[in-house]
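Encoded as structure tokens, the structure appears first; notes follow it.
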Amino acid sequence: VRMPLATTESCTNLDDSLDIFDWTFNVFTLAGKRPLGDVVYTLLSTNTLVSRLHLQESNMREFLLELECSYNANPYHNSLHAADVTQALYYLVTVMPELVLSPLELFACIISGAIHDVCSPVPFHSCLVSQHQFLHSNFR
């Protein structure tokens, strides 16, 4: 079951009070909204990646809305989880002083976090059960 695409809505920058650039960011404050699109858009905007990579702003917003709606409505592999993973990945790659990413590499990290579970049909618990069965039957 895909989330419906609301074409009248658009991704926006998140409020500074949410502290998206801190490890303690609480993604659940975005529940019931467009968490993935807003997190990704905020990270891209803050780093001026859309303009630096010569991307069309309107295309990026449309892509993010479609991506958010492509996540299935299941208890774990949903757009809120993807927003959490994206923010955590961004935080990790930007706090390491020895890691210097080009704009394209940073863009790739952000988008990879955002798409990592898109269209996942499997709830988290079922995934763990099947992994356990596979490991148990193949590595005894």
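A few points about this structure:
- Full extension of the chain segment joining Glu57 with Leu92 gains 10.0 nm, where the gain is 0.36 nm per residue of separation less the Cα-Cα distance.
- Sorting Arg61, Arg52, Arg34 on solvent-accessible area from highest to lowest, probe radius 1.4 Å, gives Arg52, Arg61, Arg34.
- The amide H of Ser120, built 1.01 Å from its N in the peptide plane, has Asn72 as neighbours under 5 Å, considering only residues 5 or more places off or on other chains.
- Note on Leu99 and Phe28: the extension gain reaches 22.7 nm, defined as 0.36 nm multiplied by sequence separation minus the Cα-Cα distance.
The values are calculated or read from the model by the stated rules, or taken from the named source; none is laboratory data. Values in this document were obtained by computation on a predicted structure and should not be read as measured data. In case anyone asks, the SASA skips ligands and DNA or RNA and just uses the protein heavy atoms, side chains included. Shrake-Rupley method; radii C 1.70, N 1.55, O 1.52, S 1.80 Å.
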